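Here is the structure we will look at, set down as structure tokens.
The values are calculated or read from the model by the stated rules, or taken from the named source; none is laboratory data. Predicted model only: the values in this text are computed from it and were never measured. Note: ideal-geometry Cβ built from the backbone for every residue, glycine included; neighbour counts use all protein chains shown.
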Amino acid sequence: MKKENSKIILTGAIIGIAAVILVALGNPKNMGFCIACFIRDITGSLKLHNVEKLQYARPEIFAILLGSFIIAKIKKEYKSTGGSSPIIRFVLGFFIMIGALVFLGCPLRMVLRLGGGDGKAIFALFGFIAGIYSGSKFLGQGFSLGRTYKIEKNNGYIFISIISFLTILSALGVIGNLDKTTHAPFIASFTFAIIVGIMAQRTRFCMVGGYRDIFLFKDFKLFYGSLSLLIVVLIGNIITNNFSFSITMTNAIWFFLSMGLVGFAAALAGGCPLRQLILAGEGNSDSIITIIGMIFGAAISHNFAIASSPTTVNTNGKIAVIIGLLIISAIALIITKQKKEELKKLGL
């Protein structure tokens, strides 16, 4: 086995182990390590939505950013960049969160739910793959959000500083509702997440990238990480008696479409929510804009009854997913057409 494959498999396994252990220590079952959920809870800690059980600036987000930042600095890969279609990236991040909260989980949680026996996540996985396939088709036809530019290095420091400040305030109970939130101990969450941040930065682990690279380049390397994650979570849940298989067709089409929206938007944005965090830790302001879009999406989702409950996909959520798919499709079509016309003018 190639060394690169071994590293990505190990990264997936570490994320899986972190998820299983953090659930055992207090994180919500089948959530364990969900980037969209963590960002949603940070949004709540700022009172941008009023769900008291979802108001905690979870240390996992800060730790992932910090892990990526530290190792990027050590390896001299830290570089403040930005300026690549910020408004479009904001919109993509917004709809990534809309889709995730209709399904109730980002791509990581989708795999964690599968590993816990939630058969409904199978429909979400099919939708996720279909969304990435659609995005990959546009990427293959020339879709691009444009080049990034070097910017003042302090731009990259500001975001991680803000998240660290919010994390400290939340841990001290100054903001949010720590006592009403289900969570693992701070030290455990922070420790596992910083390891994930370091490993994911080194291996470029990405749930979207795994399928995108298969579709575009027939390259399975990143996919092995996702497969490793699923296997480890499955085994871990069986060992800890957290595996319980069930499947129904209820809301199957909406799980398919909502995660299809996530896969489509994330493919165009250049990576899944975890990958966006890793890039932000490396100084990429474009990814920071995408994350800010996700924060706004979380606020809108909970303030306008878009986010699903554990048993129900709301009507507003269904409407938002359809609108999201239409808007992302329009963005993809318009930009791809523009790029083709630009190339044609250049005689390429």
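For the reader, a short list of remarks on this structure follows.
- Failed item, numbered, when Ala18 is tested on (1) of a type in the set (Gly, Ala, Ser); (2) more than 18 Å from Thr167 (Cβ to Cβ); (3) at pLDDT 95 or above: (2)
- Conditions (1) among the hydroxyl-bearing types (Ser, Thr, Tyr); (2) surrounded by fewer than 24 Cβ atoms within 10 Å (Cβ to Cβ); (3) not in a loop (DSSP other than H, G, I, E, B); number of the one not met by Thr290: (2)
- Any hit, the range 115-133, residues being among the basic types (Lys, Arg) and within 16 Å of the chain's Cα centre (by Cα): no
- Test: residue in the range 61-75 that is over 25 Å from Thr191 (Cα atoms), of a type outside the set (Lys, Arg) and touching a residue at least 12 places away in the same chain (Cβ under 8 Å): no
- Test: residue in the range 20-28 that is crowded, with 24+ Cβ neighbours inside 10 Å, closer than 25 Å to Thr290 by Cα and of a type in the set (S, T, N, Q): no
- For the range 264-287, filtered to residues that are closer than 18 Å to Ile132 by Cα and under 10 Å from the mean Cα position of the chain (by Cα), the residue that is surrounded by the fewest Cβ atoms within 10 Å (Cβ to Cβ) is Gly271.
- Hey, Ser226 buried (at least 20 other Cβ atoms within 10 Å of the Cβ), at pLDDT 95 or above, among the small types (Gly, Ala, Ser) and closer than 15 Å to Ile129 by Cβ or not: yes
Residue-by-condition table, conditions (1) under 26 Å from Asn5 (Cα atoms); (2) among the hydrophobic types (A, V, I, L, M, F, W, C):
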{"residue": "Phe205", "(1), (2)": "yes, yes"}
{"residue": "Gly209", "(1), (2)": "yes, no"}
{"residue": "Leu216", "(1), (2)": "yes, yes"}
{"residue": "Gly225", "(1), (2)": "yes, no"}
{"residue": "Asn241", "(1), (2)": "no, no"}
{"residue": "Ser246", "(1), (2)": "no, no"}
{"residue": "Phe264", "(1), (2)": "yes, yes"}
{"residue": "Gly293", "(1), (2)": "no, no"}
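- Under the condition of being out of contact with any Gly (no Cβ under 6 Å at 6 or more places or on another chain), buried (at least 23 other Cβ atoms within 10 Å of the Cβ) and touching a residue at least 24 places away in the same chain (Cβ under 8 Å), the residues counted in the range 32-56 number 11.
- Figure legend. Inter-residue proximity from the range 285-311: first residues more than 15 Å from Cys106 (Cα to Cα), second residues buried (at least 22 other Cβ atoms within 10 Å of the Cβ) and among the aromatic types (Phe, Trp, Tyr), beta-carbon distance below 6 Å, spacing 6+ or different chains. Indicated pairs: Phe296/Phe94.
- Residues of the range 137-155 include none that is among the hydroxyl-bearing types (Ser, Thr, Tyr) and either part of a helix (DSSP H, G or I) or touching a His at 6+ places or on another chain (Cβ under 9 Å) (or both).
- Any chance Ile87 is among the β-branched types (Val, Ile, Thr), part of a helix (DSSP H, G or I) and either in contact with a strand residue (DSSP E or B) (Cβ under 8 Å, 6 or more places away or on another chain) or surrounded by fewer than 17 Cβ atoms within 10 Å (Cβ to Cβ) (or both): yes
- Scanning the range 11-57 for residues that are among the hydroxyl-bearing types (Ser, Thr, Tyr) and not in a helix (DSSP H, G or I) yields a single hit, Tyr56.
- Count of the range 101-119 residues, restricted to those that are part of a loop (DSSP other than H, G, I, E, B) and surrounded by 20 or more Cβ atoms within 10 Å (Cβ to Cβ), is 4.
- Checklist (1) over 30 Å from Asn316 (Cα atoms); (2) of a type outside the set (A, V, I, L, M); (3) out of contact with any Ser or Thr (no Cβ under 9 Å at 6 or more places or on another chain); (4) modelled with pLDDT under 95 applied to Pro185, failing item: (4)
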